[in-house]
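Visitor: Sharing a structure with you now.
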Amino acid sequence: MIYAVPLGDVLGASGDWGTILPLLRQYATNIPIYYLLGWIKRESGGDITDTTSAGEKGYFQISPGEARTYGYDLARLGTDPAYSIESGIDLVGNYGEVASGLGYSYGTDDFWSIVKLVHTVGKGGTQQLINAAGGGTPSWSAIEAAVDPSMQVGGRTAASAFGIVDDVFNQGATLADQLGVDMSEGQSSISPQESNALLYGGIALGVVALGALTWWVILPRVAPKFRRRYALSGAGSRPRQLRRRSRASLSA
């Protein structure tokens, strides 16, 4: 892989982007790579060893509470790059389910803005901001325009929450440009859950098709031969061939 600039020069040498980017590409499913880069830059600066006073660890700064809720090994998040990336992507996916539950269409910029907002102020705080913007599923720009910046939500002001969300996108776009990552990489309008549903649905259809093929094509050809070879008489249960041998042995 050829990068636009030396990785050590990308937004500070502390970020191990040469490790992070390939892992994002390996584990990310239907999530924009630039968005994940921005999330990591915002949370840990790309330093897996970074730990906050609240005990948040790893590239995505997963909290002890999140680790308990979703079953992550908190200590391992700060030492194992692959595990830290995979768990962080799973965390984003979990918050994505909340955003979908609030009515936002998967894969849009508004959707990803709400995902980060839920991570920042919680589901309840996000709903408060949506209600303050008129309810329904307002766009991200409409929420920012309608809500009083001084409104307290999730232990911070709305302006602070908005700044965190916008920073993820801005930092991600900057990193993507410096790392030579296309902004469309990882973009999808289908969620991982929908992808899995399509996969399992395809497998189920394949099983049904195989069963139909067996029942209507293979069995009609094989069964007559099987019956002719192993046909049973009315009195016994042994194959005819075996009965003939038995009679021959008795006559001898």
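Visitor: Which of the residues spanning the stretch 82-97 are among the charged types (D, E, K, R) and within 15 Å of I33 (Cβ to Cβ)?
Guide: Answer for the stretch 82-97, where residues must be among the charged types (D, E, K, R) and within 15 Å of I33 (Cβ to Cβ): just E86.
Visitor: To continue, here is another question. Can you work out which of the residues in the stretch 39-53 that are assigned to a helix (DSSP H, G or I) and out of contact with any Phe, Trp or Tyr (no Cβ under 6 Å at 6 or more places or on another chain) is farthest from V115 (Cα to Cα)?
Guide: K41
Visitor: Could you give me the residue pairs with C-beta distances under 9 Å whose first residue belongs to the stretch 129-142 and is not assigned by TED's automatic domain parsing to the domain that holds V115, whose second residue is outside any loop (DSSP other than H, G, I, E, B) wherever it lies, and which are 6+ apart or on separate chains?
Guide: none
Visitor: Looking only at residues that are part of a loop (DSSP other than H, G, I, E, B) and of a type in the set (A, V, I, L, M) in the stretch 126-171, which one is surrounded by the fewest Cβ atoms within 10 Å (Cβ to Cβ)?
Guide: Looking at the filtered set, the residue picked out is M151.
Visitor: Further, regarding this structure: Given the conditions (1) part of a loop (DSSP other than H, G, I, E, B); (2) under 20 Å from W140 (Cβ atoms); (3) out of contact with any Gly (no Cβ under 6 Å at 6 or more places or on another chain), which single one is not true for I31?
Guide: It fails just one condition, (3).
Visitor: May I pose another question? Can you list the helices (runs of 4 or more DSSP H) found entirely within the stretch 54-125 that contain at least 2 residues being among the hydrophobic types (A, V, I, L, M, F, W, C)?
Guide: 74-77, 81-101
The values are calculated or read from the model by the stated rules, or taken from the named source; none is laboratory data. Please read all numbers here as calculations on a predicted model, not as lab measurements. FYI the Cβ positions are ideal-geometry reconstructions off the backbone, even for glycines, and counts take in every protein chain you see.
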